[in-house]
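Q: Attaching a single structure in structure tokens format; questions to follow.
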Amino acid sequence: MTTSGISRRGALRMFGIGALGAVGAGVLGACAPSGAGSPSNGGDPKSKDFDFTSWSLNEEAAKPSIEKIIAAWEKAEKSTIRAVSYPYNEYLSQLTLKLGGGETTGAVHLDIAWLAAMAQMGKLVDLGSVAGKGGYTDVALKSGTYDGKHYGLPWNTGSIGVIANSQLLEKAGIKEHPTTVEEFESALRELKGLGGGVVPYAAATKVAQLKDIFPWMQTFGCAMLDGGKVTIGDDASVDAVTWYKKLHDEKLIAADVDRFDARALFGQGKAAFYDDAIIGKGVTSAQSKDKTLADAMQPMERPVLKAGDTPQALLWGGVIAIVKGKGQDAATEFALHTTTDRATTSEYFAARALPPSTTAGLAAPEVAKDTFTTEWTRKITSTATGSPFWQFAQNAQIEEAVAKQVQAVLVGKSKPKDAMKQAGEEAAALIKR
Amino acid sequence: MSTAAPPQKAPPPRERTGGRLSNGAFALLLTAPGLALFAAIIFYPLLSALFTGFFRQDLRLAGREFVGLDNFAYWLDGDFLTILEQTLVFTVGATLVPFVIGFALALALNTGLKGSGFLRGLFLFPWVIPGVVVSFLWMWIFNANYGVLNGVLMKAGFIEESVAWLGQPGTAMLAVIVTKTWASFPWMMVMLLAGLQTVPRELHEAASMDGAGSIRRFFAVTWPQVRGVASIVLLLEFIWNFQHFDTIYVLTGGGPAGTTETFATAVYQTAFKGFDIGRATALGGLWMLLLLLLVAVYLRITERKGDA
């Protein structure tokens, strides 16, 4: 029998090291994030220091103005705010993981479409006691509400609508914005005739933003949800997708386009129409080499199926929510200040063309006199509605399920009727989960 | 008369083993800390994940509900075969194409042509760039509306209108394979070149003297000598590609219409976009079973090589 030459004492020592390693690993496990079950993400709620998480901090056009707000707060309150960001298209999943894992604290910028999903995790503070102090408009205040509780202080409230490039329209001989779907199609054909790689309508065709088809479905008469029953799959939704496919096949809209591609195409003067939020003007014109583009950008009422119908648009906006735990009190004050302080909201509007959510902020001369903003409000926001699926925590999955089916139609993998039936069934199943 | 008994040799002192360990026990002891760590940070989470496959569990919410084999049935009755087929198409394509390119370059560099050292370094360049960066780079190249590829092809007159390389079922998978090929052929080239350099030059000279041409020499001399390295390279690349994620996720996210969805992207999308951790881990479990088969083949091959 061969021996290793190690004594029992030495072996015990090594075993002890091994055990320590295992205990260390166990400790690591114990230190792991607390998980979705914990109602608070820990830490001292009275701490002056907190995190601020926002997708806008990841966008060049928005970052400086938000950093300015943060710096001003830090200086005034002698506190430290840690800025955290993820790209918009990854934001919801990243935030869900971090929030569930106990890593996110402080103030969190949320798209109003995500509020239900986040609120259901049980980690957001009910801001009912401060929401009333802000002087927010009714629509804005409602956008931060879920299940009767105020989980978000509205930062910006607007809508997603169609933006037109008046220079290209003029080039194609189109004197007025098309008001019906039929007129819109004719205008797209005229624009296609300009050649030079013009994409008449840079509509979303990638899954990430294909939820943009919802207002078109509503335009064709699909309610999407009626008394708790999903109506996607009805004739109106099939008609809408068939029409979208027709635009795709005639190359009046382009394949493989999301919001960022659409902005790039529009910025290059290669798209005459695209869907965006009111923020689009600032972002797209800032990244365009054409310094006259901002003046050429016009908000347009979404064309209707027949004259007299109500133009459809999707409400859009951002709220600031507060996570229970470290720095929640200071973060709440920061959120209230950022969304309501007149000087702050006006400066933010000047930098980003994002209208504030308070009555006083909207009445500020620089906002009230801005033609693009007032036109946008009149033509688009005035008839905008929230998605009926926002009330469900599974909203993002429902949007994606529908988007995938629409994309399957666009690439010829599925027929509109089959795809919409499937989309409706998937949406209904997700709601039941 | 007394006979004196021959002097007895004292028995050798008994070897004391009570305080010593056998080699086997010693080896076990040495590996114990590693095994303990492995158990804590790999094995336990793995078992826990597999166990989760039997529950309906939302990543965002506390609590879960036992659903038996429902999550597995969801995949097996649904998209499992489609995902498997697409994973295999990607895996085979992204293994064989770079293998052929890597082998061709290795053969060329092995001839000792001028500047081969510089070329070897140059060809390694794509390999040292992080996978996500490579994917973004190719995403811009393939962009339907302002990508370089469309620009070049249009200028050259090959196409009249932009092609949505990443937005069409036929071309999306091709684009993903091209991107992965660009990223992985250098590694194959280096491994195969190392194999080629072990082939004795005398064998080639003898074959030449016997009248063998270059093709005959390749199949009779070169290939038998590098077959072992080639099979390991192919199998490792196959296994890696079977689990590959970043290129596909960045370029297509599994689209359009799920036509580039592989196990890796499907598990990610289900877990982190759909937040359905139960179904995600069920698919992960099925995927792992298939991977275990590949690992068994790999071990079999390496064992054979070890025995030889």
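FYI, it's all coordinate maths here, none of it is from the lab. Computed from a predicted structure; not experimentally measured. Here Cβ is always computed from backbone atoms with ideal geometry, including for glycine, and neighbour counts include all displayed protein chains.
Q: Please enumerate, by chain and number, the lysines with C-alpha under 16 Å from the C-alpha of A:Lys324, excluding those fewer than 8 residues away in the same chain.
A: A:Lys46, A:Lys48, A:Lys98, A:Lys123, A:Lys149
Q: Here's something else I'd like to know. Where the centroid of each part is defined by its Cα atoms, how far is region B:54-110 from region A:37-93 in Å?
A: 37 Å
Q: OK, next. Read phi for every residue in region A:174-190 and hand back ³J(HN,Hα) as whole Hz from Karplus 6.51 cos²θ - 1.76 cosθ + 1.60, θ = phi - 60°, with x for Gly and Pro.
A: Along region A:174-190, the couplings run 9, 8, 10, 5, x, 10, 10, 4, 5, 4, 4, 4, 4, 4, 5, 5, 4 Hz.
Q: If you project the alpha carbons of chain B onto their three principal axes, what span does each projection cover, largest first, in Å?
A: Rounded to whole Å, the extents work out to 124, 74, 31 Å.
Q: Evaluate peptide A:200-212: per residue, the Cβ atoms of other protein chains within 10 Å of its Cβ; return the mean as an integer. Could you put the intermediate results ahead of the total?
A: On the way: counts 0, 0, 1, 0, 0, 4, 6, 9, 2, 0, 0, 0, 0.
Going residue by residue through A:200-212 and averaging, the value is 2.
Q: Determine the calculated [θ] at 222 nm for chain A from helices alone, applying -39500 (n - 2.57) to every DSSP H run no shorter than 4 residues and normalising by the residue count; nearest 500 deg cm²/dmol. Don't skip to the end; give the middle numbers.
A: On the way: 20 runs with 203 residues, N = 433.
Roughly -14000 deg cm²/dmol at 222 nm, from the helical runs in chain A.
Q: Return the average number of partner chain Cβ atoms within 10 angstrom of each residue Cβ along peptide A:408-419. Each step should come with its number before you reach the end.
A: Numbers: counts 6, 1, 5, 10, 4, 5, 1, 0, 0, 0, 0, 1.
Counting Cβ atoms of other protein chains within 10 Å of each residue's Cβ and averaging gives 3.
Q: Please list, or write none, the aspartates and glutamates whose alpha carbon is within less than 16 Å of the alpha carbon of A:Lys289, excluding same-chain residues fewer than 8 places away.
A: Partners within reach: A:Glu60, A:Asp261.
Q: With angles folded into 0 to 90 degrees, how steeply does helix A:63-77 sit against the dominant principal axis of chain A? Use alpha carbons for both and round to 10.
A: Roughly 50 degrees between the two axes.
Q: Can you tell me the dipole magnitude for region B:70-307 around its Cα centre, using point charges on the Cβ only (Lys, Arg +1; Asp, Glu -1), in Debye to the nearest 20? Please report the intermediate quantities before stating the final value.
A: Numbers: 13 positive and 15 negative charges, 162 e Å.
The dipole magnitude comes to about 780 debye.
Q: Further, regarding this structure: For the protein assembly as shown, what proportion of DSSP beta bridges, expressed in % and rounded to the nearest 5, is antiparallel?
A: Numbers: 35 of 46 bridges.
Roughly 75 percent of the beta bridges in the protein assembly as shown run antiparallel, per DSSP.
Q: Further question: Kirkwood hydrodynamic radius (Cα pairs, Å) of the protein assembly as shown? Spell out each step's value before the answer.
A: On the way: mean 1/r = 0.0335 Å⁻¹.
Hydrodynamic radius (Kirkwood, Cα pairs) of the protein assembly as shown is 29.8 Å.
Q: Testing the spin-label approximation: label points 7 Å from Cα along Cα→Cβ at B:Arg201 and B:Ala25. State their distance in nm.
A: 5.6 nm
Q: Sorted by average packing, counted as other Cβ atoms within 10 angstrom per residue and highest first, what order do A:322-330, A:105-113 take?
A: On the way: A:322-330: 22.9, A:105-113: 24.9.
Top of the packing list down: A:105-113, A:322-330.
Q: So what's the convex hull volume per residue for the Cα atoms of chain A, in Å³? Provide the component values of the computation, followed by the final result.
A: Working: hull volume 92.8 nm³, N = 433.
Measuring per residue, one finds 214 Å³ for the Cα hull of chain A.
Q: Summing -39500 (n - 2.57) over the DSSP H runs of n ≥ 4 in chain B and dividing by its residue number, what mean residue ellipticity at 222 nm do you reach, to the nearest 500 deg cm²/dmol?
A: -21000 deg cm²/dmol
Q: Which whole number in µm²/s is D for region A:243-393 by Stokes-Einstein, with the Kirkwood Rh taken over Cα pairs at 4 °C and 1.567 mPa s? Display every interim value, and only then the final one.
A: Values: Rh = 17.9 Å.
It comes out at roughly 72 µm²/s.
Q: Sticking with this one: Between A:Glu170 and B:Ser48, what FRET efficiency comes out of the Förster formula 1/(1 + (r/R0)^6) with R0 = 56 Å and r the beta carbon distance, rounded to 0.05? Write down the numbers at each step before the final one.
A: Working: r = 63 Å, r/R0 = 1.13.
Efficiency for this residue pair is about 0.35.
Q: A follow-up question, please. Based on DSSP H assignment, which helices of chain B show an axial Cα extent of at least 20 Å together with a mean Kyte-Doolittle hydropathy greater than or equal to 1.6? Don't skip to the end; give the middle numbers.
A: Details: long enough: B:23-38 (22 Å, 1.57); B:80-110 (43 Å, 1.78); B:169-196 (38 Å, 1.33); B:223-242 (27 Å, 1.04); B:277-307 (43 Å, 0.95).
Long hydrophobic helices here: B:80-110.
Q: Average projected area of the Cα convex hull of region A:30-149, in nm²?
A: Details: hull surface 34.4 nm².
Taking the Cα atoms of region A:30-149, their convex hull projects to 8.6 nm² on average.
Q: Check the straight Cα-Cα distances from A:Lys413 and name the lysines below 21 Å, setting aside those fewer than 8 residues away within the same chain.
A: A:Lys206, A:Lys211, A:Lys245, A:Lys246, A:Lys251, A:Lys404, A:Lys421
Q: How shielded is B:22-33 by partner chains, expressed as the average number of their Cβ atoms within 10 Å of its Cβ atoms?
A: On the way: counts 4, 5, 3, 4, 8, 1, 0, 8, 5, 1, 7, 11.
Whole-number average of other-chain Cβ neighbours for B:22-33 is 5.
Q: So what's the angle, to the nearest 10 degrees on a 0 to 90 scale, between helix A:342-352 and the longest Cα principal axis of chain A?
A: Compared with the principal axis, the helix lies near 70 degrees.
Q: Among A:181-187, A:53-59, B:224-230, what's the highest-first ranking by average C-beta atoms within 10 angstrom per residue?
A: Working: A:181-187: 18.3, A:53-59: 19.9, B:224-230: 16.1.
Ranked by mean Cβ neighbours within 10 Å, highest first: A:53-59, A:181-187, B:224-230.
Q: Provide, in order from the shortest bin, the percent of all Cα-Cα pairs of region B:152-269 in each 5 Å bin, continuing until the bin that contains the maximum pair distance.
A: 2, 10, 14, 14, 12, 11, 10, 10, 8, 6, 3, 1
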